[in-house]
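Visitor: If you scroll down you'll find the structure; I have some questions about it.
The values are calculated or read from the model by the stated rules, or taken from the named source; none is laboratory data. Bear in mind that the values here come from a model prediction, so they are computed numbers and not experimental data. When we count neighbours, we look across all protein chains shown, and the Cβ atoms used for this are built from the backbone with ideal geometry, even at glycine. Ligands, DNA and RNA are excluded from the accessible area calculation, which covers all protein heavy atoms including side chains. Shrake-Rupley method; radii C 1.70, N 1.55, O 1.52, S 1.80 Å.
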Amino acid sequence: MNSNDKNYTKMIDKYVTGKILVTRSSMPEYEEYCEEIRDIWDTRWLTNMGPKHKKLQEDLKEYLGVEKLDLLTNGHMALELTMQALGLTGEVITTPFTFASTTHAIVRNGLTPVFCDIDPDNFTIDTTKLEALITDKTSAIVPVHVYGNICNVEEIQRIADKYGLKVIYDAAHTFGEKYKGKGIGSFGDVSCFSFHATKVFNTIEGGAVCFKDPAFGDAIYDLKNFGIHGPEAVDAVGSNAKMNEFCAAMGICNLHHVDDEINKRRAAVERYHERLDNVDGIRLNKTSPDVKPNYAYLPVIIEAEKFGCDRDEVYNVLASHNIYARKYFYPLTNTFDCFNGKFDPNLTPNALKISLSVLTLPLYADLEPEQVDLICDIIISCKK
């Protein structure tokens, strides 16, 4: 065994004896977070829109380049309460190629999701199929920016304006991104973000809505805080979806470092592309030149006919080496058991095909080049 073989064996021993997960949360230094939360012990102000909540709110408005922003307990409540605040009724056009939250927020509001197929190149909603799905019951479009790929926002807005529809973007994958120099949270009537621990920017758990209409801001505030307007004034029926001070403090800290974390993720993505771009049967995501990306995810499409084995085989081989990729998004939301076959996935064939062939590979700021190489070596070894 030569020295290169020995070094490779050591690398395998180092990484494969421990797990490489699909994601790993970014966190500030322990001391930095402790310093940020120190004054919480003095004030005992733990929740109910305290100083940390207010500071993070203002910091995020500036960072994201949006007019108005409110914080919530998580990204799902951002979606669900937005639909309530806008008073949606009837049908909502959306995509099945998304996380469960998007569809569940629609259904939990008593609305009917109508699924539009996706563009197979960037995985976002196919705007050429939108108008055919609009009926007199349609009240909104809920597109999803997928893996950091931006929807065709101009065409979606044109269609929405033509038919008098609201547009709510699920922007959970696009924190900090810009499209043609404009913050992604400024598109549509509302853009909803998730600050879950697995996201590029996290507050442990959290979410936000970005919007322009003050009346919407009043409505979302009522919904997240029981409709309370003062010690003796409850003017609306609401829920409880307030971000607490400890989560806000984590957000304040993480926002200081998010650009550096994105740059580290970019280095890992570039390494993946160096290794996999020219492998026949593997298709990696391409970033639009109009988008300032955040490198949130690393999806690959395994084209079984060319590669010689399918997505599930690659997934299983990686798992046998303690490397845990994710079949994301699989299954499609329009195939969930909870809907009891109510929807026909064959009506969204592109989404169905992609869901059966996509694999998101491990990607996070701390992912080392040697780990990327190991993952790529194992994937390439599957080719037949």
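Visitor: Using the beta-carbon distance between ASP344 and GLU35 and R0 = 51 Å, what value does 1/(1 + (r/R0)^6) give for FRET efficiency, to the nearest 0.05?
Guide: E between ASP344 and GLU35, to the nearest 0.05, is 0.40.
Visitor: On to the next question. Which of the peptides 263-273, 93-103, 337-347 is most tightly packed, and how do the rest follow, judged by the mean count of other Cβ atoms within 10 Å per residue?
Guide: 93-103, 263-273, 337-347
Visitor: Compute the signed sum of charges (Lys and Arg +1, Asp and Glu -1) over the other residues within less than 13 Å, Cβ to Cβ, of ASP213.
Guide: -1
Visitor: Can you pull the Kirkwood radius for segment 111-194, inverse mean 1/r over Cα pairs, to one decimal in Å?
Guide: The answer is 13.0 Å.
Visitor: Indicate the gyration tensor shape class of segment 76-140 (rounded, prolate or oblate), computed on the Cα atoms with a ≥ b ≥ c the square roots of the eigenvalues: a/c under 1.5 is rounded; otherwise a/b larger than b/c is prolate and the rest oblate.
Guide: Note, shape of segment 76-140 comes out oblate.
Visitor: Then there is this: With a ≥ b ≥ c taken as the square roots of the eigenvalues of the C-alpha gyration tensor of segment 230-327, please select rounded if a/c is under 1.5 and otherwise prolate if a/b is larger than b/c or oblate if it is not?
Guide: prolate
Visitor: Which FRET efficiency value, to the nearest 0.05, do you get for ASP290 and GLU232 by plugging their Cβ-Cβ distance into 1/(1 + (r/R0)^6) with R0 = 51 Å?
Guide: 0.50
Visitor: So what is the 222 nm mean residue ellipticity for the chain from helices alone, if each DSSP H run of at least 4 adds -39500 (n - 2.57) and you divide by all residues, rounding to the nearest 500 deg cm²/dmol?
Guide: Dividing the helical sum by the residues of the chain leaves -12500 deg cm²/dmol.
Visitor: Binning every alpha carbon pair distance of segment 153-195 at 5 Å from zero, what are the percents per bin?
Guide: Calculated over all Cα pairs of segment 153-195, the distribution is 6, 24, 29, 23, 13, 5, 0 percent.
Visitor: Give the angle, between 0 and 90 degrees and rounded to the nearest 10, that separates the Cα long axis of helix 3-16 from the longest principal axis of the Cα atoms of the chain.
Guide: 30 degrees
Visitor: Using a 1.4 angstrom probe with every protein chain in place, what is the largest-first accessible-area order of TYR169, TYR221?
Guide: Highest to lowest solvent-accessible surface, that is TYR221, TYR169.
Visitor: What are the ³J(HN,Hα) couplings of segment 266-278, residue after residue, when phi is run through the Karplus curve with 6.51, -1.76, 1.60 and θ = phi - 60°? Round to Hz, x for glycine and proline.
Guide: Result, ordered by residue: 4, 4, 5, 4, 4, 5, 4, 5, 4, 8, 10, 4, 9 Hz.
Visitor: OK, next. Using just the alpha carbons, could you tell me how many Å³ per residue the convex hull of segment 46-104 encloses?
Guide: 125 Å³
Visitor: With Rg and the Kirkwood Rh both taken from Cα atoms, where does Rg over Rh land for segment 170-284?
Guide: For segment 170-284, the value is 1.11.
Visitor: Per residue, how much space in cubic angstrom lies within the convex hull of the C-alpha atoms of the chain?
Guide: Convex hull volume per residue, Cα atoms: 151 Å³.
Visitor: Over segment 268-384, what portion of Cα pair distances is larger than 16 Å, expressed as a whole percent?
Guide: Cα-Cα pairs of segment 268-384 separated by over 16 Å account for 63 percent.
Visitor: Moving on to the next point. With N set to the number of residues, divide the alpha-carbon radius of gyration of segment 329-383 by 2.2 N^0.38 Å and report two decimals.
Guide: 1.62
Visitor: Quick check: residue separation of ALA132 and VAL317 times 0.36 nm, minus the Cα distance between them. What number comes out in nm?
Guide: Result for the pair: 62.4 nm of gain on full extension.
Visitor: Give, as ranges by residue number, the residues of segment 74-94 whose backbone N falls under 11 Å from the point 7 Å along Cα→Cβ of GLN157.
Guide: No residues fall inside that zone.
Visitor: Can you find, among SER381, VAL66, PHE195, the residue farthest towards the positive end of the dipole of the chain? Put +1 on the C-beta of Lys and Arg, -1 on that of Asp and Glu.
Guide: SER381
Visitor: A further question on this structure: If you place +1 on the Cβ of every Lys and Arg and -1 on the Cβ of every Asp and Glu, how big does the dipole about the Cα centre of the chain come out, in debye to the nearest 20?
Guide: So the magnitude is around 500 debye.
Visitor: So, R0 is 35 Å and r is the distance between the beta-carbons of ARG44 and THR198; what FRET efficiency does that work out to, to 0.05?
Guide: 0.70
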